[in-house]
Structure formats: C-alpha cells, structure tokens
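The values are calculated or read from the model by the stated rules, or taken from the named source; none is laboratory data. Here the structure is a predicted model, which is why all the values come from computation and not from measurement. Quick reminder, even Gly has a Cβ in these numbers, built from the backbone with ideal geometry, and neighbours come from all protein chains shown.
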C-alpha cells in the first residue's frame, strides 16, 4: 500500500506538475470509462498498456493516443494475452466487461464468460507478475445489490442475485463472482486488491445501451413521427410554452437513479487507487438522486421540447431506487464537481449530433 501511495498518488497531482511515471494496464481501454481513464493516464505522463478487442468497446475512442501508449489487440480471457500485457505493470485496472442492459438479456452467456474468465486470466497474470504489480483494481457494479435495503446505499449493503433464471442478473452475478475472486483468490496469492462499484456513469459517447442516450433517441424519433421540430435547449421555466412530444417509458417513472459524470468518476477512481487500503470497496457516484420522469424531462429540455410520458411495463429485475452513499470515498477527498444539469448539456448535444436529430 505504501508503495502504491507514493507512486499512484502522482496520478492526481495538479496539471503541469512533474510526475514519476507509473506503468499501468487498462483492460477494456476502448470502453467508455476505460477510454476516459486511459486518456487521463496518458495525458498525465504515465505509461499505459491498453487492451481492447472490440467486443464491447472500440479502439476509435483512444485512436489519437496510439503513439503515446502500447495498444494490445487481444482478449483478456486469453491467459497469454493477459500475461504479456501485465508484464512490467505496477497497477492493473480491470474494466473489460460486456455492459449495457440490452446485452444482459440478449447475450448473458457472453456477459458471464467475459466476467469470470476475464477476471481469472487477469488475476493469474497479476499473480505471475506480482514482483511488479502492486495493486489490482477490479471494476464491479451496483447491480450486485439488486434492490438495496438502504438508500443512499453504503458499501456494506448485502449483495444478492434474486433469480438465477433471469438473464438480467448475468452481469451482476459475474461481477459478484469477480469480487469473490478479488478477495479470496487474488489477495490470498499476494496481490493487493481494490474493488470499485460505479453508479451510473455518463457522458458523451457512453454507448447506446444506457438510459440517457436511449431517452435522446426516444424523444428524437417521437418528435419526428409527431411532426415536432427539436429546438435549442430551453431556459428554466420555459417548458410550458414549448412544443410537446409524447414518449413511452418503462414503469411509471418514479424509479430513481443517481448519475456521475465520467470526469468526476475518473477523479474518484484515482483517489481510491491512491489512498484506499488493500481489500477495500468503494462506491463512486453522486448522491444526487433523480426520478426517471425528471430525467426524461431534463433530456427533453436539452432538446428544446416538453416531454409528456406514457407509462409502460417495468422490466423484471429492474431496481426501483439506486443511489450510493459516497461518504467513504468523500473522507479521502472525493467530491463530485459536475452537476447533472451541466453534465447533461454536453452529453445530450453529443447524442443529438450522433443520431442526426436536427431542429
């Protein structure tokens, strides 16, 4: 831990300060969070080995960094690839996973395979190279709680898989297995482990399978079908005079989530990596809880329309409330800086352009 604190602490120093380079492995580096982390590390002067095979992420997200890092086109489930990539690294950030709710239902076998075999292969590689690897940072998920008993939810919340027959829990189940492996397989073989549980990280280019881009798409397509032109983002209080767009949502809209901008998330990740103790678990997110109907209205405002929603069936296995307690990471210095209103502006604008929804 002391070695990591001395070396990894440099990852969060002010811009422009001279740093001692750290060699870090990032699996899933072409994913949304993986790309953001890879960019922060490279731009901070660190040596990065980035593994991406295009199964879930895309190398395009980090293509402009190619000359400043080592990119490995390989599968983390392959022991030889994992070993070669890990050699000489001091910290392993294991993000490679098949995320996205649609994937949980459509490809649960692949979701589980990547979660379990990818964790085992990268952990075995870290054990093989433990002379240099000082910390393995495992990315888990808030999905392991299903319906938490307390909101905001602390890291000591019980984990559960309520129905093994429901493919939705392929992701949460795989992540829960990876946590067990972190503490009862990896640590027992002499490698320090840290578990991160992200909560609804968002931002431009986050992928299409998540609620914010899905809302942009729903509203844009509904507006076109209903003959309504999208406009410029609405000022506060201007919704009453805006054009109306009707969309259907899952459930009744009272479900809640909290959303953490990806830039804040990477800040929290580096703080946890630097200052967290061996064997600890950290939530990274915000305690700004918002209902689905409020989120839909907010996305609509950013598209210049007033959204009227129609309720629909709630997907089996979805969680009514999800909001983390971040007190533990806050005690180490983490404080989110980007509010949802500000973060959504850039995110919705990016997706509006991506989906070609014009005014």
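A quick yes/no check of all residues on (1) out of contact with any strand residue (DSSP E or B) (no Cβ under 8 Å at 6 or more places or on another chain); (2) part of a loop (DSSP other than H, G, I, E, B); (3) farther than 16 Å from residue 284 by Cβ:
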residue	(1), (2), (3)
127	yes, no, yes
131	yes, yes, yes
151	no, yes, yes
158	yes, yes, yes
163	yes, yes, yes
166	yes, yes, yes
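Table: residues versus (1) touching a residue at least 12 places away in the same chain (Cβ under 8 Å); (2) out of contact with any strand residue (DSSP E or B) (no Cβ under 8 Å at 6 or more places or on another chain); (3) at positive phi.
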{"residue": "257", "(1), (2), (3)": "yes, no, no"}
{"residue": "279", "(1), (2), (3)": "yes, no, yes"}
{"residue": "288", "(1), (2), (3)": "yes, no, no"}
{"residue": "293", "(1), (2), (3)": "yes, no, no"}
{"residue": "301", "(1), (2), (3)": "yes, yes, no"}
{"residue": "306", "(1), (2), (3)": "yes, no, no"}
{"residue": "309", "(1), (2), (3)": "yes, no, no"}
{"residue": "317", "(1), (2), (3)": "yes, yes, yes"}
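Are any residues in the range 41-54 surrounded by fewer than 19 Cβ atoms within 10 Å (Cβ to Cβ) and part of a helix (DSSP H, G or I), and if so, which ones?
Residue satisfying the conditions is 43 alone.
Could you run through the range 168-203 and say how many residues are buried (at least 17 other Cβ atoms within 10 Å of the Cβ) and assigned to a loop (DSSP other than H, G, I, E, B)?
6
Just for the range 225-267: of the residues that are part of a helix (DSSP H, G or I) and touching a helix residue (DSSP H, G or I) at 6+ places or on another chain (Cβ under 6 Å), which one is surrounded by the fewest Cβ atoms within 10 Å (Cβ to Cβ)?
The residue in question is 266.
For the range 152-172, check the following and say yes or no: at least one residue is in contact with a helix residue (DSSP H, G or I) (Cβ under 7 Å, 6 or more places away or on another chain), in the same structural domain as residue 319 (by TED's automatic domain parsing), modelled with pLDDT of 95 or more and farther than 25 Å from residue 114 by Cβ.
No, the range 152-172 has no match at all.
Looking at 57, 74, which one is under 20 Å from the mean Cα position of the chain (by Cα) and in a loop (DSSP other than H, G, I, E, B)?
None of the others qualify; the one that does is 57.
Is there a residue in the range 207-223 that is surrounded by 15 or more Cβ atoms within 10 Å (Cβ to Cβ), touching a residue at least 60 places away in the same chain (Cβ under 8 Å) and out of contact with any helix residue (DSSP H, G or I) (no Cβ under 8 Å at 6 or more places or on another chain)?
Yes, the range 207-223 contains a residue that is surrounded by 15 or more Cβ atoms within 10 Å (Cβ to Cβ), touching a residue at least 60 places away in the same chain (Cβ under 8 Å) and out of contact with any helix residue (DSSP H, G or I) (no Cβ under 8 Å at 6 or more places or on another chain).
Would you call residue 337 without any contact (Cβ under 8 Å) to a residue 60 or more places away in the chain and either part of a loop (DSSP other than H, G, I, E, B) or not assigned by TED's automatic domain parsing to the domain that holds residue 233 (or both)?
Here the answer is no, as residue 337 does not meet what is asked.
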